[in-house]
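Step one of this worksheet: look at the structure below.
The values are calculated or read from the model by the stated rules, or taken from the named source; none is laboratory data. The structure presented is a predicted model; accordingly, all values stated were derived computationally and were not measured. Here the Cβ positions follow ideal geometry from the backbone for every residue, glycine too, while neighbour counts run over all protein chains shown.
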Amino acid sequence: MPEPTIWWKHGIVYQIYPRSFQDSDGDGIGDLRGVIDRLDYLNDGTERSLGVDAIWFSPTYPSPMADFGYDVSDYCGVHPDFGDLATMDELIEKAHARGIRVILDFVPNHSSSQHPWFLESRSSVAASKRDWYVWRDAKPDGSPPNNWIAVFGGPAWEWDQATQQYYLHMFLKEQPDLNWRNPHLVAAMHDVLRFWMRRGVDGFRIDVMDRILKDPDLRDNPPAIDRNAARRFGQTALQQHTQDQNWPEIIDAVRAIRKVADEFPERMTVGEVFGPPENIVRYYGGPSLDGLHLAFNFSLVRIWDRRWTAEHVRAKVEAFAAALPSGCWPNYVLGNHDVDRFASRVGADGRGEERARVAALLLLTLRGTPFVYYGEELGMTNARVPEERLRDPARTYGRGRDPERTPMQWTPAGGFTSGEPWLPYGDLSRNVEQQSADGRSLLSLYRRLSWFRRSSDVLRFGDYAAVDGTPAGVYAYTRTYGDERLLTALSFTNEPIAFELPASLAVREQIISTHERAGAAASQLIELAANEGRLLRLG
Ligand code: NOJ
């Protein structure tokens, strides 16, 4: 029996940061019309396009933009910077016509402080929606109810002078936390999901899934064991988040969200969850598979130069797979709008592009859903954003997150907008126009890999097995489906390296080399140039 293809398992998901993908009206801010104009780049049904199966947008809702859309003031609208509901409808329709599914970002942990719900909630202690947010009295000495720290720094509580109580905000004070213990709030949020699914939205990336419920007694978080971590991750790393993150009852809320998604056919949910694999996989709901369809596996996102080693990457891939309950499906992410660009994270010695090629082969030949962040296919690096143009309010991570959110690089001149882009461009020597014309570019490699994957049962469905006994610096694995078998061999070293494959893994032909080496003759001796990856057919 052939395996059924399930889009969110076997397809490639492409993340669009809508402010930065394509501007159609010259205001310097990307918009939905711009995305419509670029749909052919994403998938025009031919190998000239990227061949993605789904796009996920960071939030496009009305918002004061305190956190660039992660502060929603109307869950059922579209911010005028991006367009309107009619444009969203058109986008969904045109994406679907090309076989591209549309995933929206659902932001359940907090709304904007300008959301009408919060305006009502803060109007008086007796307000009908008071309990839709988390309000508490001060301690007798006037201090906040507990020691929780906001992810972006400072106390997680803001004093409201008018009603003489604190409200909780795990992020900015402009992002008050919603109270998922209130059934009316929960019903309203479920209706938001239905609203979009009725319009044809295929799924949701769920923001901060791991914080929507906290300790109902609001007990203090204990201090961190490794206080040095605070240097890298900010103040919030000064505490262990036992009371305000991954609270056990969240899984019940997750199951209820899943039930709503299941009211509509073929919808999916993918949650943003942090912690070790054992924690992340809990959100899949266990053997009953009644939780999220996917919970982000960020283990490759946490890789910087020193961790880009064969041993570390293999260990991370296998730890996640081993933790997954049977029936649950893995996923892989190299980057997103919250972390340094992959090519920069592993490129301190100037070899980021080579490693980005190896990472592309890894991402697109592993068993699990690949998530690609816009521009990753070009090897976009962090942009240098001058101090006066920095826009991200979250400076927790040092310089903020603007360098990884800069405009998509379409042409040598930019091509993102006819006006002044909201953030400056990065290194425009990496652009779609030139990389499209160059069969050896990273973009061409992505296109080849993605179309090969789309046509390959073994890459979409096949089992994974690591090849043991490869030399240090090499990670190799097979994918097997029926009597088809492929081998991915990846070098993580700056020196050429070779190893002999056992006769049981007989090499038939080369499919792809990240170094575009000519299809080497079938040989059991696997030669890899420095930082080369090769995909071979066995059998
Ligand atoms: C995670 C999002 O990815 C990030 O961009 C945002 O600032 C926070 N959640 C708060 O919503």
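What to note about this one:
- So ASN221, is it touching a Phe, Trp or Tyr at 6+ places or on another chain (Cβ under 8 Å), modelled with pLDDT of 95 or more, under 27 Å from PHE298 (Cα atoms) and not small (Gly, Ala, Ser): yes
Yes/no matrix, rows are residues, columns are (1) within 16 Å of the ligand (Cβ to nearest atom); (2) free of Cβ contacts under 8 Å to residues at least 12 places away in the same chain:
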position: MET1; (1), (2): no, yes
position: ARG19; (1), (2): yes, no
position: ARG33; (1), (2): no, no
position: ASN43; (1), (2): no, no
position: THR60; (1), (2): yes, no
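- Residues in the range 197-252 that are of a type in the set (Val, Ile, Thr) and either away from the ligand (no atom under 16 Å from the Cβ) or assigned to a loop (DSSP other than H, G, I, E, B) (or both): VAL201, VAL208, ILE212, ILE225, THR242, ILE251.
- Residue identified as touching a strand residue (DSSP E or B) at 6+ places or on another chain (Cβ under 7 Å) and more than 20 Å from MET197 (Cβ to Cβ) among GLN239, GLN245: GLN239
- Every residue from the range 150-169 that is surrounded by 21 or more Cβ atoms within 10 Å (Cβ to Cβ) and either in contact with a helix residue (DSSP H, G or I) (Cβ under 9 Å, 6 or more places away or on another chain) or of a type in the set (A, V, I, L, M, F, W, C) (or both): ALA150, VAL151, PHE152, ALA156, TRP157, TYR167, LEU168
- Members of the range 289-314 that are of a type in the set (A, V, I, L, M) and either assigned by TED's automatic domain parsing to the domain that holds ASP468 or more than 12 Å from the chain's Cα centre (by Cα) (or both): LEU289, LEU292, ILE303, ALA310, VAL313
- Filter result for GLY275 (within 16 Å of the ligand (Cβ to nearest atom), assigned by TED's automatic domain parsing to the domain that holds GLY335, assigned to a loop (DSSP other than H, G, I, E, B) and among the small types (Gly, Ala, Ser)): yes
- From the list ASP89, ASP67, the one residue that fits, being of a type in the set (D, E, K, R), touching a residue at least 40 places away in the same chain (Cβ under 8 Å), at negative phi and within 12 Å of the ligand (Cβ to nearest atom), is ASP67.
- Residue within the range 414-424 that is of a type in the set (Ser, Thr, Tyr), under 29 Å from MET268 (Cβ atoms) and in the same structural domain as ILE12 (by TED's automatic domain parsing) present: no
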